[in-house]
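My questions will all concern the structure given below.
The values are calculated or read from the model by the stated rules, or taken from the named source; none is laboratory data. Every value quoted in this text rests on a predicted model; they were computed, and no experiment measured them. No Cβ is skipped: glycine too gets one built from the backbone with ideal geometry, and neighbour counts run over all protein chains shown.
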Amino acid sequence: MSIDPGSHVPIYEQIAETIRTRISAGIYRPGDALPSLRGMALEVVVNPNTVQRAYEALEREGLAYSRRGVGLFVTDEAVQIARGRGRAELVERLREDIAAARAAGISEATIRESFQKAMARAPSPGGRK
């Protein structure tokens, strides 16, 4: 897991986002245990309280549930929740980029053409275009 301490995004949110992405990608499946709090803290070299904040966020979102004394587990609904969140974030980023392009005077046709070129060049899962 890669954490950027210089990022404007808080470290706990970077951890939570990485786990959301792993759930969405099927790396963590419903019923799977997430790494222990201490194990994750050692992996990313942060204070365990930071990991605790990330795990609490995942629980609030319905992506994980805790079993006292056992650990944190992926919920049955986690994949749908994570993918839905990912789609919503994608739409928001695209909306912001389109607004910026329009403000720069770029035509709708050019925006669409640029989007199609970006789609064609973007790798798909497994590294294929």
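Given the options Q52, Q14, name the one that is touching a Ser or Thr at 6+ places or on another chain (Cβ under 9 Å) and surrounded by 13 or more Cβ atoms within 10 Å (Cβ to Cβ).
Q14
Quick check: is even one residue across the range 101-112 surrounded by 12 or more Cβ atoms within 10 Å (Cβ to Cβ), of a type in the set (S, T, Y) and out of contact with any Leu (no Cβ under 6 Å at 6 or more places or on another chain)?
No; the residues of the range 101-112 include none that is surrounded by 12 or more Cβ atoms within 10 Å (Cβ to Cβ), of a type in the set (S, T, Y) and out of contact with any Leu (no Cβ under 6 Å at 6 or more places or on another chain).
Scan (1) more than 14 Å from the chain's Cα centre (by Cα); (2) at pLDDT 85 or above; (3) not assigned by TED's automatic domain parsing to the domain that holds G26 for the single condition R93 breaks and write down its number.
Condition (1) is where R93 drops out.
Same structure again: Considering only the range 31-49, how many residues are closer than 12 Å to V74 by Cβ and either of a type in the set (D, E, K, R) or surrounded by 14 or more Cβ atoms within 10 Å (Cβ to Cβ) (or both)? Don't jump to the end; show me each part of the working.
Step one: list which residues in the range 31-49 are closer than 12 Å to V74 by Cβ, which gives 31-35.
Of the ones still in play, those that are also either of a type in the set (D, E, K, R) or surrounded by 14 or more Cβ atoms within 10 Å (Cβ to Cβ) (or both) are 32, 34-35.
Residues that pass the stated criteria total 3.
If A99 passes every condition in (1) out of contact with any strand residue (DSSP E or B) (no Cβ under 9 Å at 6 or more places or on another chain); (2) under 21 Å from S2 (Cα atoms); (3) not hydroxyl-bearing (S, T, Y) but one, which one does it miss?
Among (1) out of contact with any strand residue (DSSP E or B) (no Cβ under 9 Å at 6 or more places or on another chain); (2) under 21 Å from S2 (Cα atoms); (3) not hydroxyl-bearing (S, T, Y), the lone unmet condition for A99 is (2).
Only one residue in E92, E77, E108 is farther than 30 Å from P30 by Cβ and among the acidic types (D, E), so which one is that?
E108
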